[in-house]
Each structure stands twice: as C-alpha cells, then as structure tokens.
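Worksheet: one structure, shown below.
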Amino acid sequence: MHFAIPESDPWKMNEEIDLLKWLELSDVKNRGFSGRTWIPLCSSEYDGRVGEFGWAGHRKDYESIETAVCFLSCRDQLQNSGWNSINKNGNDAAWANDTLYLAPGTLRNDDEEIIGFYPVLRKGFDTGEKTEWVLSQEIEFALGLLRRGDIWVRPEEDYVEVVRLHRDSDGIPVRVEMRAEHLRDFLCARKATLLMTGFRVRDAVENTLDHIPWDEDQHIDFDSGEWDGTKRQILEGGMPVGSTTAVFHMWRESVDPSDDVPLMLHPTEETAARSSERIVRHDGNRLECACGKIWWKQWIEPAARSCRVAGDWPEPTVPFFVDNQGGEKLSGQKLSDYQGWLWFRPEIIRELLQHEGGFLKWHTGSTGSVGPAENRALHFGTNKLGLINVLGYKMAQLPEWTQRLWSGFSVVPEGGLSEELHASQNLADPAHTIPPEVMLYTNLIAVEQAMQETTGVSLYAHPCEEKAFYRSIHRFYDHSFSEVCTLAKLLKKMVIERLKRESVNRLLGSQLPNTPEKLGEIKRLEKWLNAHGEDGRSITGPLVGINDLRQGDAHNGESTARKALQIFGIPSTDDNYQQMNICVLGSVAWSLGWITKTILDKGPLP
C-alpha cells in the first residue's frame, strides 16, 4: 500500500523536522488512550509512506494495534503479554479436534482455557474476496447496536455512533474504534478489562544520516513497553551492504516425456538429479537507513457502573417546573413521586420529531403520543393556550438523554390542563374528536384509492408514507406566521406538487381539448368539478390558499401572504398560529374529501 503524503506533512519539510525525535517515537511512547473519547479496537494502517524502501527520500510510518477483552479473573495471566503474543496472524476461524471446539475470536491460555475474546474479527476467504473486519456479536448485541455500512449506532440512545470502521483508499479495513463510554460500560457488565497492544515502526532512507547518532543498536525499556533503534548501511535497492545471495538450481532428467504414462520418481529414488549453484554479490551506491520500532501496551479499565448493559443508571438530575408561584422544579425520584402534570412550549414537538426515530401518533383532536423514538413516546395533550401537557411521573421514567430534550422547553403551569387529556387520563372517557392531521392523511389515501378504482391510474406521482407524513405535517409550526407559511409550503409539496397532470387530464375526459395548456392542476380540477355541477372554486379554494400562503416565507413578505388567510375564513390580523394551522389543515382535508366523493359518485367526464 502506498499513500500520497500532502506537502504539509512534517517529513517533507526537512528544515523543520526533527528526524531523530520522529524515529525515537516519543509521541507514541507518551500517548495515552484511557482519557480518549474513541478507543481503537484494531488497526493496521500507514500514517504515511513516501517512496520505495531502498531509495533516498523514503519514509514509512506504520502502526498495528490489537486488543483483547480479558476477563478480570484472568488478568494476571496477561500481565506479561504484549503485541507479539496478542497479535493475530491471518483470518479468524473456528478450531476443533476430537475433544475441543474453540469459537472464532476466543482468547485462550496455554492450557486452552478461554480467558477472553477479541472484539474485532477478521473474516477472509481463500477465493480472492477482500478481507472484512467484523465487530464481535457479543458487543453488538449487548449494547443493542445497529450496523449501517461502516458505522454501528445505538437506536436506544438517539442513534449515537458507537463503533466506526475506517478504510483506506482501496476500501481495505484499516481501523476500528469504539466510543470509550460505551466500551467501558460493556467491560463493567462483562467483568472484564481491555488489553491494548501495539507495534509501530518508522524508517527513513537518505544518502547520509550523520545527524542520527546511533553508532550501535539502541534499546530502551519503559513502563508500558520497549523501543529499538537501528542504523544500517544499505545498497540502493534495499539490500544490506556486503550481502550475498545464493542461487541454487536443481532439475531432473529421469522423466521421459515420450512415455505413454510418464512418472515422477520419489526424490530418494531419483538417479538423474542435476543441480548447480552460484553466489551473487550485491554492490552499488550506498545509502543509510535508520529505523525506530516501539512495542507498547495499555489497559482500559471498566466503568464503575454499567448503565446500558446492566441498567445501572444513576438517578436523573434533569429539572422540570411544577408550579407557577415560586417556580419550583423537580427531578429524579421526586419527579417519579409527583402525580401532577408538566407544561411545555409546543416547539418541543418539532424538536422531538427532528430526531431520526421521531414519532407522533394522534389519539384525539388534541391528544397523542410523541417522542424522539416510538418506545420513548409520552401521552400528551394541548391546552387552550396551545401548551403541551404530560404526566410528571411518566417523564421520570424516560432515559436522562430524553428528559434533557424535554427540559429545555419546560415552562411554569399556565392555561390549565388539556381538556381532552383530562378526559382520557382522569375521566376514562376519551374524546371522540378527530385531529385535522388524521383527516388530511385519511383523505389523501382515500382520494388515491378512489382514483385507482374509478380510472385505474394513480392521482399522485409517488405514495404518501404514513410515518413521514405525521412527522412533517402537523399544527406545531406555530411560533410565528413565517412558520405557518412553512407548513403551507410542506402542504403544497404533499398535496399539490405530487399531482400527475395526465391523471387529472383523465378526469376531464372530453373537456381536455378545450383546456388551455397553461392551466395548472388545481384549475383543471376546478373545471372538472364545475362540469359536474359542483362549486369548483369553493372546493379547490383551500388548495389555492396554501399555494398563496406558502409564499409568506419567500420573497413576497408577510403582508401579502396574510391575505390568503381569508380563503380559510381566518382574519388577516389573527396571531393564534396553532389554531390557524388547525384551520388550514382541516380545510385542505375537507377539500380532498369532497374531491374523493365526486370521483366516486360521478367519475371522469365522458
């Protein structure tokens, strides 16, 4: 493997580099991993390589790291082990004989007793496929990791990256590293520690290396390893000075290729063996090569507690407002014991839905379940001021990282408890209201099905996925009028821009030749409705309204866009943005419902 080194790399700047210090590898000797965020589990990579060995200007910097999970009860058996004894040669495979079976990746002592395992396995084949590196299934399953390409994430923790695999420019794996807090969590639960071992070599070739003062081989032992330094004369091309090569040529003349069945004799029976030999003495321009090698090891200790694997979470300290007088806040066990509700700004809904697993499901007109993931969702309701209510003790049951998302939007109680949440949680008599978001999605599906049943073609260019719909189309774009316009833009993409013109033309039937080419899809629907005796202008009005309203976050400004509110029966001076969104969503749902009914009852024009 050869890597191009940027011109800014230190050994390309001879006037600035301390080649001696580089070869002494003091930066590696003093390097610690216990305080790092990411811990290498396995590596075999060049930090740089320039030129070919045996030629002036050559530089190489290569490191191999091998780690092993060692059971604490067996730690003493590995105290004297280093990279030479831990490093694996070749690919991992199972091993068995008549009495013993060893699974791939097991670490065993001289008595074949298992004392640990390797966190990274090398999977290779004899048929030419590239070797792949695989994370131990024990780690993957213990921490609940999901592999995505070369990254392992933890869905239970908001899809945080836990393990990542790096490759070189040829796609060959060169390093696997793991987030330290998750590694140490696993080690605690497994009652184990991680033995890290490494070998690094750096060498340089020049016409002369007089400034490297190594007249004899160097060796230094230090607390966590050892270092060797050597300087040798070599010939251009890489052979040692004064070296020779013996060339031995051997052949046989006992096989007669004209025989019908030629046979090759066993060497002990061979009578016509022939051989020759010669010595080649190497010579040429002399260069100097200096090389520094270091072997090191470190221990990564387990955490004091295992939160993720063993569930030993500390008591959360995230505070939430619980009264409107002194602004008292509760957290941890006190919040678990609290039987009241909490209040939040409605922006919390959008914050939760921005996360990869964001989940929103509606139950009634103003209640539902919401969270950064489905299994982290809380039953919520909106009160008369549009604030969000959830039960305090239910909040206390969430992981701390989820509580922190909610905490940033906590406010003192105001506007009372959500009436529909009260009906559900206290009166056991849930409201029978339907949220406009659900009506809109239901009618989007219904109009598509009606079109398919009536004409055999799709009205929309691509299907509407339910979870994605509810994550993006909702009433909580309510912080400003500009956000209302943002919702209108999303509605336009969902309801209008997906319309297929050829499908709308199918509805027009014989009226299509009389339809101007420049007429848009909404106007074509209006013409079709009018031809059936319906009030097309009124029915398609909400679709026109969202098309006009969405321009409020573009260049036309708020004052122009507010005029579009009149289409929905909303005063242009209104500032109840959440209620404004509810009205817009309901109006669009009504429009689609009427179009669906007309398709089913009257169909395309003849």
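The values are calculated or read from the model by the stated rules, or taken from the named source; none is laboratory data. As the structure is a computational prediction, the values presented were derived from the model and not from experiment. Reconstructed Cβ throughout: ideal geometry from the backbone, glycine too, with neighbour counts over all protein chains shown. Protein only, heavy atoms only, side chains kept; ligands, DNA and RNA dropped before computing areas. Shrake-Rupley method; radii C 1.70, N 1.55, O 1.52, S 1.80 Å.
Shown here: segment 104-263, whose C-alpha atoms stretch 71, 66, 41 Å along the first, second and third principal axes, sorted largest to smallest.
Taking all protein chains into account, the per residue accessible area for segment 461-606 stands at 47 Å² (1.4 Å probe).
How much FRET efficiency would the formula 1/(1 + (r/R0)^6) give for Asp168 and Glu453, where r is the Cβ-Cβ distance and R0 is 45 Å, rounded to 0.05? Once rounded, the FRET efficiency stands at 0.20.
Put Tyr118, Tyr577 in order of accessible area, largest first, 1.4 Å probe: what do you get?
Tyr577, Tyr118
Per the Debye calculation on segment 525-606 with a single equal scatterer at every Cα and no solvent contribution, log₁₀ I(q)/I(0) for q = 0.11, 0.14, 0.19 Å⁻¹ amounts to -0.34, -0.52, -0.81. To put it simply, the accessible area of segment 14-54 at a 1.4 Å probe is 40 percent carbon and sulfur. What angle do you read, to the nearest 10 degrees and between 0 and 90, between the alpha-carbon axis of helix 577-602 and the longest principal axis of the chain? Taking the Cα atoms of the chain, the angle to 577-602 is about 80 degrees. Placing a label point 7 Å from the Cα of Leu72 along the Cα-to-Cβ direction, the residues of segment 23-41 whose backbone N falls under 20 Å from that point are 34-35. For segment 292-362, which whole percent of the accessible surface, found with a 1.4 angstrom probe, sits on carbon and sulfur atoms? Here it works out to 47 percent.
Give me the distance in nm between label points sitting 7 Å out from Cα along the Cα-to-Cβ direction at Thr317 and Ser243, one decimal. A separation of 6.2 nm, rounded to one decimal place.
Over segment 60-125, with the other protein chains present, what is the accessible area per residue in square angstrom, probe 1.4 angstrom?
Value for segment 60-125: 54 Å² per residue.
Could you calculate the contour length gain from Leu385 to Glu269, that is, 0.36 nm times the residue separation minus the distance between their Cα atoms, to one decimal place in nm?
Separation in residues times 0.36 nm, less the Cα-Cα distance, equals 31.4 nm.
With equal scatterers on the alpha carbons only and no solvent term, can you work out the Debye log10 of I(q)/I(0) for segment 364-490 at 0.11, 0.14 1/Å? Taking Cα atoms of segment 364-490 as identical point scatterers yields -0.51, -0.78.
Put simply, the Cα atoms of the chain extend 109, 75, 64 Å along their principal axes, the longest span coming first. For His379, the accessible surface of its heavy atoms amounts to roughly 60 Å² (probe 1.4 Å, protein chains only, rounded to the nearest 10).
Counted residue by residue at 0.36 nm each, then reduced by the alpha carbon distance between them, the extension gain from Thr486 to Gln325 reaches 54.3 nm. Per-residue surface analysis assigns Met264 an accessible area of about 140 Å², computed on protein heavy atoms at 1.4 Å probe radius.
Rounded, prolate or oblate: pick one for segment 189-313, where a ≥ b ≥ c are the square roots of the eigenvalues of its C-alpha gyration tensor, a/c under 1.5 means rounded, and failing that, prolate if a/b is larger than b/c, else oblate.
Numbers: a/c = 4.66, a/b = 1.55, b/c = 3.01.
Oblate, because a/c is 1.5 or more while a/b does not exceed b/c.
Dividing the radius of gyration of the alpha carbons in segment 406-554 by their Kirkwood radius gives 1.07 for Rg/Rh. Segment Gln566..Asp283, full-extension length gain: 92.4 nm, with 0.36 nm per residue of separation and the alpha-carbon distance subtracted. The listed residues Trp590, Trp38 rank as Trp590, Trp38 when sorted by accessible area, largest first, using a 1.4 Å probe.
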